[in-house]
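Novice: The structure is given below, and queries will be raised subsequently.
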Amino acid sequence: MQIKLALPKGRLLPYTNILLQKARLELSDYEEQSRSYRPRCNGLPNLFLKMFHEKDIPIQVAVGNYDLGICGLDWVEELLVKYPSSALVKVHDLGYGKSNLYIAIGRSAGISSLEELKAKAEIIRIASEYPNLAESFALNMRLRRFKIFPLWGAAEVYPPESADLALVSHASPDSLFKHGLVPLTSILQSSAFLVAHRHSWEYKDMSFLLRCFHAVEGIEKETINKDLETRGSMERQGFSPQFPAAGLWLALPNGHQQQPTLEFLNQVGLKVWDYPSESRRPNISLDGVSVKVIRPQDMPLQIANKNFDLAITGQDWLYDHLCRFPSSPVKELLKLGFGKVRIVAVVSQELPVSSIQNLRELLREGKLSTLRIASEYINIADRYARDNHLSPYRLIPTWGASEVFLPEDADLLIENVQTGQTVAQHNLKIIDTIFESSACLIGNVHTSPLKQQKIDYVVQVLRQAVVTNDKTLKRG
């Protein structure tokens, strides 16, 4: 009998690896840069392992794709608070990867207690990667009026200008101060948890594997938490934002787009200090322009909500936003040309198709009962399936490392590629190119005349770099 275990990538990986070694379940190929995402356990040949982004694991276990999983309690509760009757069972607190979920507010807000917060008559905007827990908090507090901003990340940078509160995961209250935040309360203490699918828990014999986990009562705190230690109360005297009220807000991307964005800005003589920065608030040599560093995926919606005036994101994320909100006021102001990728349809090499037409034929012939489509671009994937008549289909939202879903947990992947080498390394193949994407500057069509003049100036400045790049490419 096969047992399927979902293992986390990212912050929990090294400590999970130590835990498994202590449980005498030594794995091969369980590392962050693994090309296969499929570790092996030589001692248990019937144990099937796969690495996922931590946020994907509770969903995969809840739907029954995996019998067991290891992930943070925060992501477990984020699922259970919305789907309390799901088939997800909390089995065992593994004792490492400790953090807290804090409701935090900007230091300049003048509110220091939950009672003061409840007394506010205005709409309270809450930014978070945990929208379900954020909504539960607001309802339990009986806030009069509130609005939830679901995010991919970087929630701590939104207050006080773009949100009133942030629900964020941090190791301690001290670590919030460098972002100009103070905690009002902690709503959850999180650590790594072993979770199970209810049917597997009740009917599969997993006793040997469970005994291995229960034999290890966690790893020493000083070992597992040293990466979460903060620098103490010296952060309390740190950052306090002060920006001109009439200026522009510009969102710059974090992650792998930071360096090319910085190089692009340098081409037109724009200096950006401390990018990336711990506070996610670098300075830029543009008078009247203030900067925050957020996830590119969040930018179109934040521009639509007028939390930012300008943002540098990818055309892929703009299109994903417009697929969901066709009448959105967000528009592309300038194509910047760097960060080029292709958005493609990908299947396993094992699937006997070479085109989207072949895939449609498999569905029509009943050789695929339901097409499972995994993607970070969930709205593009939905649009693509409808446009290509790939029915019936089921969408599987992912939060990174999407290629791991094929072929066991999905049939089709909508993904971005640069060279296609990663696709080939995972025994996958591209059967269609949906469109090409590069970085772009976006803004809101509904802008005041005063701000529009400043926006036009910024666009003009950035266009110089685009023109220079085009001339260089033509000469080359």
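The values are calculated or read from the model by the stated rules, or taken from the named source; none is laboratory data. Just so it is clear, the structure is predicted and the values come from calculations on it, not from any experiment. Because the Cβ atoms are built from the backbone with ideal geometry, glycine has one as well, and the counts that use them run over all protein chains shown.
Novice: Filtering the stretch 156-199 down to residues that are in a helix (DSSP H, G or I) and surrounded by fewer than 19 Cβ atoms within 10 Å (Cβ to Cβ), which residue is farthest from the chain's Cα centre (by Cα)?
Specialist: 199
Novice: Please work out which one of (1) part of a loop (DSSP other than H, G, I, E, B); (2) among the polar types (S, T, N, Q); (3) within 29 Å of residue 202 (Cβ to Cβ) is the condition residue 112 fails and give its number.
Specialist: Failing condition for residue 112: (3).
Novice: Could you tell me whether any residue of the stretch 373-380 is touching a residue at least 60 places away in the same chain (Cβ under 8 Å) and out of contact with any Cys (no Cβ under 6 Å at 6 or more places or on another chain)?
Specialist: Yes.
Novice: Scan the stretch 126-152 for residues that are in a strand (DSSP E or B) and either surrounded by fewer than 18 Cβ atoms within 10 Å (Cβ to Cβ) or not assigned by TED's automatic domain parsing to the domain that holds residue 165 (or both) and jot them down.
Specialist: Correct list: 147, 150.
Novice: Working carefully through the options 93, 29, find the one that is on the phi > 0 side of the Ramachandran plot, more than 23 Å from the chain's Cα centre (by Cα) and not polar (S, T, N, Q).
Specialist: Among 93, 29, only 29 is on the phi > 0 side of the Ramachandran plot, more than 23 Å from the chain's Cα centre (by Cα) and not polar (S, T, N, Q).
Novice: Enumerate the pairs (first residue in the stretch 396-422 and assigned by TED's automatic domain parsing to the domain that holds residue 256 and touching a residue at least 24 places away in the same chain (Cβ under 8 Å); second residue anywhere and of a type in the set (Val, Ile, Thr) and assigned to a helix (DSSP H, G or I)) with beta-carbon separation below 6 Å, excluding pairs fewer than 6 apart on the same chain, so at least 6 apart or on different chains.
Specialist: From residues that are assigned by TED's automatic domain parsing to the domain that holds residue 256 and touching a residue at least 24 places away in the same chain (Cβ under 8 Å), there are no pairs.
Novice: Across the stretch 58-71, which residue is farthest from residue 208 (Cα to Cα) among those that are of a type in the set (Gly, Ala, Ser) and surrounded by fewer than 24 Cβ atoms within 10 Å (Cβ to Cβ)?
Specialist: Filtering the stretch 58-71 for residues that are of a type in the set (Gly, Ala, Ser) and surrounded by fewer than 24 Cβ atoms within 10 Å (Cβ to Cβ), the one farthest from residue 208 (Cα to Cα) comes out as 62.
Novice: At pLDDT 80 or above, small (Gly, Ala, Ser), in a loop (DSSP other than H, G, I, E, B) and in contact with a Phe, Trp or Tyr (Cβ under 8 Å, 6 or more places away or on another chain) - does that describe any residue in the stretch 232-255?
Specialist: For the stretch 232-255, residues at pLDDT 80 or above, small (Gly, Ala, Ser), in a loop (DSSP other than H, G, I, E, B) and in contact with a Phe, Trp or Tyr (Cβ under 8 Å, 6 or more places away or on another chain): absent.
Novice: Working carefully through the options 367, 306, 331, find the one that is under 21 Å from residue 435 (Cβ atoms), surrounded by fewer than 18 Cβ atoms within 10 Å (Cβ to Cβ) and basic (Lys, Arg).
Specialist: Going through 367, 306, 331 in turn, the sole match is 331.
Novice: Condition test on residue 44, is it more than 12 Å from residue 87 (Cα to Cα), part of a strand (DSSP E or B), over 22 Å from the mean Cα position of the chain (by Cα) and touching a residue at least 12 places away in the same chain (Cβ under 8 Å)? Outline the logic, then answer.
Specialist: Numbers: more than 12 Å from residue 87 (Cα to Cα): yes; part of a strand (DSSP E or B): no; over 22 Å from the mean Cα position of the chain (by Cα): yes; touching a residue at least 12 places away in the same chain (Cβ under 8 Å): yes.
It is false that residue 44 is more than 12 Å from residue 87 (Cα to Cα), part of a strand (DSSP E or B), over 22 Å from the mean Cα position of the chain (by Cα) and touching a residue at least 12 places away in the same chain (Cβ under 8 Å).
One line per residue, one yes/no per condition, for (1) assigned to a helix (DSSP H, G or I); (2) over 30 Å from residue 427 (Cα atoms):
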position	(1), (2)
286	no, yes
302	yes, yes
307	no, yes
326	no, yes
331	no, yes
334	no, yes
352	no, no
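Novice: Cβ-Cβ below 6 Å, separation at least six or inter-chain, first residue in the stretch 173-189 and within 15 Å of residue 109 (Cα to Cα), second surrounded by fewer than 19 Cβ atoms within 10 Å (Cβ to Cβ) and aromatic (Phe, Trp, Tyr): which pairs?
Specialist: Cβ pairs passing all conditions: 180/239.
Novice: Considering only the stretch 445-463, I want to know if a residue exists there that is surrounded by 15 or more Cβ atoms within 10 Å (Cβ to Cβ), within 24 Å of residue 303 (Cβ to Cβ), modelled with pLDDT of 95 or more and in contact with a Lys or Arg (Cβ under 8 Å, 6 or more places away or on another chain).
Specialist: no
Novice: Within the stretch 47-57, how many residues are surrounded by fewer than 24 Cβ atoms within 10 Å (Cβ to Cβ) and either more than 20 Å from the chain's Cα centre (by Cα) or not in a strand (DSSP E or B) (or both)?
Specialist: Selection size over the stretch 47-57: 5.
Novice: Tell me which residues, restricted to the stretch 381-433, are part of a loop (DSSP other than H, G, I, E, B), buried (at least 19 other Cβ atoms within 10 Å of the Cβ) and aliphatic (A, V, I, L, M).
Specialist: Once the filter is applied, which keeps residues that are part of a loop (DSSP other than H, G, I, E, B), buried (at least 19 other Cβ atoms within 10 Å of the Cβ) and aliphatic (A, V, I, L, M), the stretch 381-433 yields 390, 406, 410.
Novice: Within the stretch 290-300, can you find the residues that are aliphatic (A, V, I, L, M) and either assigned to a helix (DSSP H, G or I) or over 17 Å from the mean Cα position of the chain (by Cα) (or both)?
Specialist: If the condition is that a residue be aliphatic (A, V, I, L, M) and either assigned to a helix (DSSP H, G or I) or over 17 Å from the mean Cα position of the chain (by Cα) (or both), then 291, 299 are the ones that fit.
Novice: Given the criteria touching a His at 6+ places or on another chain (Cβ under 7 Å) and either assigned to a strand (DSSP E or B) or on the phi > 0 side of the Ramachandran plot (or both), does residue 443 qualify? Walk me through how you get there before you give the answer.
Specialist: On the way: touching a His at 6+ places or on another chain (Cβ under 7 Å): no; either assigned to a strand (DSSP E or B) or on the phi > 0 side of the Ramachandran plot (or both): yes.
No, not satisfied.
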